[in-house]
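The values are calculated or read from the model by the stated rules, or taken from the named source; none is laboratory data. Quick caveat: nothing in here was measured; it's all calculated off a predicted structure. Neighbour counts are summed over all protein chains in view; Cβ atoms, including those assigned to glycine, are modelled from backbone coordinates with ideal geometry. Just the protein is used for accessible areas: all its heavy atoms, side chains included, with ligands, DNA and RNA removed. Shrake-Rupley method; radii C 1.70, N 1.55, O 1.52, S 1.80 Å.
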Amino acid sequence: MIARYATALLAAILVTLALFWLMQYLIIGQTAKLDESARVKLIDFVRLQRDTQTETKERKPPDRPPPPETPPEPPKMSADPTAAPSGNAVNIDPGALNTGLDIAGPGAMAVADAEAIPLFRMAPQYPERAASRGIEGYVVMEFTINETGGVENIKVIEANPPGYFERSAVKAMEKWKYKPKIVDGKPVKRHGVQNKLTFELQK
């Protein structure tokens, strides 16, 4: 019985020593491999600082020409009160308006009769619906010039094509101004005045 215990104890001691030796061997081998891999993969960066010099350039403003002795006159601009506000053209036919002066009596300074004379005729705007579809046309309008030179009783006589330009034409004609018709020295109404407005797209 004692011999069996002794044999087991001796075997346990040998196994323990063998395990310790194996663990020490593994630790030493791994350390050597780590040291070798670290030595191979280690890279030493050396950063060199270069001397830099900032170059500065002096810029001189360009020589300005001397001012003229007398400044040039600004260009003269003239505004056409009948110009169309939009980019498309609207032609206005002056219609049957005859102007004239009748002087009563030879050499006498009598009061003159005169027909209505246009003072301001605003061109209508080209309708966007017609412009987007490339539609052109015309409108024939009839109206009355009252005693103050305003336009009233505006009617559409003809429109081609219908339904596109009538509203724009009426809206513009409401702002037209005339020198009223004079009969016996007094302003009177001028009925049945007609105008043709042609709407054309710029090519």
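Summarising the label geometry, the points placed 7 Å from Cα in the beta-carbon direction at residue 27 and residue 6 lie 3.4 nm from one another. Here the relative contact order of segment 131-178, from alpha carbon pairs under 8 Å that lie six or more residues apart, stands at 38 percent.
Extension gain for residue 174-residue 112 works out to 19.5 nm (0.36 nm per residue, less the C-alpha to C-alpha distance). Counting heavy atoms of the protein chains alone, residue 120 has an accessible area of about 70 Å² for a 1.4 Å probe. The accessible-area ordering, largest first, of the residues 141, 23, 122 stands as 23, 122, 141, per a 1.4 angstrom probe. Taking amide H atoms as placed 1.01 Å from N in the peptide plane, the amide H of residue 150 lies under 5 Å from those of 178, each 5 or more residues away in sequence or on another chain.
Pairs exceeding a 21 Å alpha-carbon distance, out of 175/196; 155/186; 171/203; 177/203: 155/186; 171/203; 177/203. For residue 184 and residue 198, the difference between the fully extended length at 0.36 nm per residue and the C-alpha to C-alpha distance is 1.5 nm. Treating r as the C-beta distance of residue 132 and residue 153 and R0 as 22 Å, the FRET efficiency rounds to 0.10. Residues whose amide H lies under 5 Å from that of residue 138, counting only those 5 or more places away or on a different chain, are 160, 199; hydrogens are built 1.01 Å from N in the peptide plane.
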